[in-house]
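Chemist: This is the structure I have questions about; it appears just below.
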Amino acid sequence: MSSEEYVPGGLEIEEAKLIARLIEDAGADCIHCSQGVFATGHIIIPPAPVPVGGFVHHAAELKMVVDIPVIAVGRINDPMLAENILASGSADLCTMGRASLADPEMLEKARRGDFASILHCIGC
Ligand SMILES: Cc1cc2nc3c(=O)[nH]c(=O)nc-3n(C[C@H](O)[C@H](O)[C@H](O)COP(=O)(O)O)c2cc1C
């Protein structure tokens, strides 16, 4: 997703890092690294053309400046993808929103190794 698709003059990552430090100092337990506003609904709820895990780099950037857990979100639609994100150190936790709606049994299937039967969120 290119920066042109965000609101011109809107919040950028460097300012978000400052805010992240402030809310950590204020006592936040964690940061859920969502993005977008009403003017950019397609970024809040990213559609299929957005690559899976396409916003993880935002979480990674915030994670560099705070000590509290940072949660990645957006098109994380597969348990192995989530595992890889955690293993890479880009985030401490992953949100799997629509993925959990597409297949509420996803995590249980992953726990028993039945990856083939997972119904993946297609981002619609
Ligand atoms: C039906 C629906 C309602 C949502 N409502 C909100 C909301 O009120 N505020 C918000 O910040 N994000 C909202 N989101 C965005 C989700 O928190 C999440 O960031 C987004 O769905 C991307 O994650 P996913 O690909 O795992 O679903 C909503 C998403 C969906 C699908």
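Bear in mind these aren't lab numbers, they're just calculated from the coordinates by the rules spelled out. What you see is a predicted model, and the numbers here were worked out from it, not measured in a lab. All Cβ positions, glycine included, derive from the backbone under ideal geometry; neighbour counts span all protein chains shown.
Chemist: Give the span of the stretch 12-117's Cα atoms along each principal axis, as three whole-Å numbers ordered largest to smallest.
Modeler: 43, 30, 20
Chemist: For the stretch 12-117, what is the charge dipole size about the Cα centre, in debye to the nearest 20, if Lys and Arg each add +1 at the Cβ and Asp and Glu each add -1 at the Cβ?
Modeler: 280
Chemist: Turning to a different aspect of this structure: How far, in degrees from 0 to 90, does helix 79-88 lean away from the longest principal axis of the Cα atoms of the chain, to the nearest 10?
Modeler: Taking the Cα atoms of the chain, the angle to 79-88 is about 40 degrees.
Chemist: Sort Ser90, Ser117, Ser100 by Cβ crowding within 10 Å, fewest neighbours at the top.
Modeler: Ranking Ser90, Ser117, Ser100 by Cβ neighbours within 10 Å, fewest first, gives Ser117, Ser100, Ser90.
Chemist: More than 15 angstrom separation, counting every C-alpha pair in the stretch 1-74; what % is that?
Modeler: 55
Chemist: What residues have an amide H closer than 5 Å to that of His32, excluding those fewer than 5 places away on the same chain, when H is modeled at 1.01 Å from N in the peptide plane?
Modeler: When sequence neighbours closer than 5 places are left aside, the close amide H contacts are Ile71.
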